[in-house]
Amino acid sequence: MNKEVFLKELDEIVEDKMFIGNDIDDLEEEISQNTWSISMSQQLASEFTVGEIGNFFCNVITNRTEQMTKADCNRMLFYVWFDWRSGRLRFNFISDIHTKLPFKCEIETVENIDSIINVFLKYQYHDGIPFEEARDEDKQTVENIKVNSLNVFCTN
């Protein structure tokens, strides 16, 4: 797949419909229906700039803002994180009635989405983690694994 075809496919995400919950109990539905992700090959990642992916997010936010306006919804939280295990850049919208982001791990909120995008584009395993490296990781004991917080960009 080339860059032009990939960008065209991203248009589907830009125009996708969002679920807007009315109640705090709608969180699971919002998570289920409003989570999207991007993955790409190593070659494709080397062709993109942080600004190009950032522009995609601007288009997504513009579309979702229009949807919120039509639904007479005040605000929703938009958050982005890099899932290094899957090599995916993930993002979601949830109602701002929720007091915290729905992660079970410790999170670190970052000020700028560009840092998340940069980590995604620089990730060295877009085409998969080599078997040898995965086996080396399996040999580590739980005591040797350092648990880091998840970097998340969030805005409303």
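The values are calculated or read from the model by the stated rules, or taken from the named source; none is laboratory data. Owing to the predicted nature of the structure, the values given are computational and were not obtained by experimental measurement. For the accessible areas, the whole protein counts, side chains as well, though only heavy atoms, and no ligand, DNA or RNA atoms are used. Shrake-Rupley method; radii C 1.70, N 1.55, O 1.52, S 1.80 Å.
Taking θ as phi - 60°, what are the ³J(HN,Hα) couplings along the range 34-44 by the Karplus curve (6.51, -1.76, 1.60), each to the nearest whole Hz, with x for Gly and Pro?
The phi angles translate into 10, 9, 10, 8, 10, 9, 7, 6, 4, 4, 5 Hz.
Could you tell me what percent of the accessible area of the chain is made up of carbon and sulfur, with a 1.4 Å probe and every protein chain present?
47 percent
Just the ratio, please: alpha-carbon radius of gyration of the range 32-127 over 2.2 N^0.38 Å, N its number of residues.
After normalising by residue count via 2.2 N^0.38 Å, the value is 1.15.
Principal axes first, then extents: for the Cα atoms of the range 25-74, list largest minus smallest coordinate on each axis, whole Å, largest first.
The principal-axis extents, from largest down, are 41, 22, 11 Å.
How much accessible area per residue does the chain have, counting only protein heavy atoms and a probe of 1.4 Å, in square angstrom?
Result: 65 Å² per residue.
Of THR65, THR49, THR99, which has the largest mean-square fluctuation in a 10 Å C-alpha GNM of the chain?
Taking springs between Cα atoms under 10 Å, the residue moving most is THR99.
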